1. Counting other Cβ atoms within 10 Å, which GluC sites (Glu not before Pro) in segment 67-110 have at most 13 and lie in a DSSP loop?
2. Does anything in segment 1-38 have its amide N under 14 Å from the 7 Å Cα→Cβ label point of Ser143, and if so which residues?
3. If you scale each eigenvalue of the Cα gyration tensor by 5 and take the root, what three semi-axes come out for segment 1-64, rounded to whole angstrom and sorted largest first?
4. For the residue pair Lys27 and Ala40, what label-to-label distance in nm results when each label sits 7 Å from Cα along the Cα-to-beta-carbon direction?
5. Using only helices, what value at 222 nm comes out for the chain when you add -39,500 (n - 2.57) per DSSP H run of length 4 or more and divide by the total residues, to the nearest 500 deg cm²/dmol?
6. Can you tell me the mean projection area, over all orientations, of the convex hull of segment 63-146's alpha carbons? Units nm², please.
7. With the convex hull built on the Cα atoms of the chain, state its orientation-averaged projected area in nm².
8. Round to a whole number: what % of the accessible area of the chain belongs to carbon and sulfur, probe 1.4 Å?
Amino acid sequence: MIRIDFYVLQAGAHLDRERLVCRLANKAFEQGQPLYIHAAASEEAERLDDLLWTFRDISFLPHQLLHEGYIPDVPIFIGCGDAPPEAVKLMINLAHPAPSFIDRFERVIEVVGHEPDRRQQARERYRHYQNRDCSINTHNITSYHE
């Protein structure tokens with residue numbers, strides 16, 4: 001059974017969606033879990049590529065855009081529309097609708113921003129996952145501390 005975790009940014013969280021993605025990616029990296037970040041569009045993938053290099057002052061997260069090729073030792077891949085490598089079992093999904101290849105993952109993280117349209121799309125994905133009998137958890141993010 002696939003575990004789905006919705007991280008829902010609440011008003012006043014003082015953290016934007018892409019920075020939360022970087023923090024979740026950092027946590028996966030520290031735990032040694034290979035990660036695929038599925039962006040909604042190539043522009044979003046490029047922004048995340050830049051942000052993973054700079055979101056912390058003292059370090060960066062090693063990663064690669066998937067369309068640039070596959071290197072097995074890279075712990076984080078970013079793509080949009082592309083199916084990730086089979087060895088990766090954790091995905092952060094930023095796209096709507098949910099990609100067709102979610103069955104290859106053990107865990108999917110959905111990051112939901114403040115915007116009403118993003119929340120509505122997240123509700124639709126939530127129902128989609130419910131219909132697939134996934135294990136669903138919700139985490140309301142009201143603040144973030146380093």
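The values are calculated or read from the model by the stated rules, or taken from the named source; none is laboratory data. Only a predicted model underlies this, so the values are computations on that prediction, with no experimental measurement involved. Reconstructed Cβ throughout: ideal geometry from the backbone, glycine too, with neighbour counts over all protein chains shown. Surface areas here come from the heavy atoms of the whole protein model, side chains and all, with no ligands, DNA or RNA. Shrake-Rupley method; radii C 1.70, N 1.55, O 1.52, S 1.80 Å.
1. When the GluC sites (Glu not before Pro) of segment 67-110 are filtered for loop state and at most 13 Cβ neighbours within 10 Å, Glu86, Glu106 remain.
2. 10-15
3. Details: eigenvalues 62, 53, 39 Å².
Over the Cα atoms of segment 1-64, the ellipsoid semi-axes are 18, 16, 14 Å.
4. 2.2 nm
5. -9500 deg cm²/dmol
6. Values: hull surface 27.1 nm².
Its Cα hull, projected and averaged over all orientations, spans 6.8 nm².
7. On the way: hull surface 33.4 nm².
So the mean shadow area of the Cα hull is 8.3 nm².
8. Details: 3740 of 7760 Å².
Result for the chain: 48 percent of the exposed heavy-atom area is carbon or sulfur.
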